[in-house]
Ligand SMILES: Nc1ncnc2c1ncn2[C@@H]1O[C@H](COP(=O)(O)OP(=O)(O)OP(=O)(O)O)[C@@H](O)[C@H]1O
């Protein structure tokens, strides 16, 4: 059997006395959008940061295409990470930011126009990032993630601050990305939005994965995603 593009196995991470992640085991499959869901402080960002090589786990493994992120010679060509572009210089334009990121990541600059077009950012490509709305920043973050033409997209709370039009646009984009055989893992605590976007869900609470299932299976059991989420995160043992 071929391996899943994302495999999290027995993951644990403690920060001093705080167990941010105490048992996380799940996969994200290709051709699917997987929602990584949990309440505030559940351990989502910590898990994604470990997956992206930004934080070291205390135990366990988080693999992309069978290897740790940092062991890939060109990780940006494997995984695109959609995280806040807070580190981007506010006086840089979107196009300058993409040029800088290409150079730092060893990526060709030939895809810059294509990714700007892909995320609908061409119109503001020459404006300074400091003047951007949240939605524009999100689009630039996605464009940055797409520069390496990755097989996998990992997004931490991607619809934060997007207006309804932006949310629908992002949903369509992610579903089309997955339909092309690629893989999307996104974290969120906004169930209403996620329910329209994802194929599979992984529910985490207090650092433990409580449930992993397809949305179809959840619906066929007669429960709503909200029911399952509340049961999983309020001491239930699902
Ligand atoms: N660098 C750190 N040092 C100490 N504690 C941390 C650190 N990072 C995270 N934590 C703690 O680990 C727990 C999990 O945090 P994490 O950010 O992973 O949760 P989350 O599910 O992403 O939450 P949210 O939805 O609020 O962003 C929280 O109790 C948090 O306070």
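A short reminder: the numbers here are calculations on the coordinates, not readings from a lab. Since the model is a prediction, treat every value here as computed from it, not as a measurement. FYI the Cβ positions are ideal-geometry reconstructions off the backbone, even for glycines, and counts take in every protein chain you see.
In degrees, nearest 10, range 0 to 90: what is the angle between the Cα axis of helix 94-105 and the longest Cα principal axis of the chain?
70 degrees
For 7, 176, which order do you get if you count the other beta carbons within 10 Å of each Cβ and list the fewest first? Mind showing how you got there, number by number?
Working: 7 17, 176 10.
Least crowded to most crowded, the residues run 176, 7.
Calculate the radius of gyration of the Cα atoms of the range 85-149 to one decimal place, then report Dmax, the largest Cα-Cα distance, as a whole number, both in Å.
10.3, 29
Roughly how many whole Å is it from the C-alpha centroid of the range 206-221 to that of the range 55-130?
After rounding, the separation between the Cα centres reads 30 Å.
Under a plain spin-label model, where a point goes 7 Å from the Cα along Cα-to-Cβ, how far apart in nm are residue 118 and residue 220?
3.3 nm
What's the angle, to the nearest 10 degrees (0 to 90), between helix 164-179's Cα axis and the longest principal axis of the chain?
Helix 164-179 sits roughly 80 degrees off the main axis of the chain.
Find how much the distance from residue 191 to residue 29 grows on full extension, using 0.36 nm per residue of separation minus their present alpha carbon separation; answer in nm with one decimal.
Gain on extension, residue 191 to residue 29, equals 56.3 nm.
Between helix 134-146 and the chain, what is the angle of the helix's C-alpha long axis to the longest principal axis, kept within 0 to 90° and rounded to the nearest 10?
90 degrees
If you take every DSSP beta bridge fully contained in the chain, what fraction is antiparallel? Give it as a percent rounded to 5.
In the chain, DSSP labels about 50 percent of beta bridges as antiparallel.
Using the alpha carbon gyration tensor of the chain, what are the three equivalent-ellipsoid semi-axes (square root of 5 times each eigenvalue), largest first, in whole Å?
Those come to 29, 20, 17 Å.
What relative contact order, as a whole-number percentage, does the range 44-83 give when Cα pairs under 8 Å and 6 or more residues apart are counted?
Relative contact order of the range 44-83: 31 percent.
For a paramagnetic label modelled at 7 Å from the Cα of residue 18 toward its Cβ, which residues of the range 184-215 fall within the zone defined by backbone nitrogen distances under 17 Å?
The answer is 205-208, whose backbone nitrogens lie closer than 17 Å to the label point.
Run the numbers on the range 14-91 and let me know its relative contact order in percent, using alpha-carbon pairs under 8 Å that are six or more apart. Don't skip to the end; give the middle numbers.
Details: 38 pairs, mean separation 14.6, N = 78.
In percent, rounded to a whole number, it is 19.
Two decimals is fine: what's Rg over Rh for the range 142-238, C-alpha atoms, Kirkwood radius as Rh?
Using Cα coordinates only, the ratio equals 0.98.
In whole Å, how far is the Cα centre of the range 148-177 from that of the range 1-42?
19 Å
What relative contact order, as a whole-number percentage, does the chain give when Cα pairs under 8 Å and 6 or more residues apart are counted?
Computed value for the chain: 28 percent relative contact order.
How high is the FRET efficiency from residue 3 to residue 128, r the C-beta distance, R0 35 Å, rounded to 0.05?
Working: r = 43 Å, r/R0 = 1.22.
In this case the efficiency is close to 0.25.
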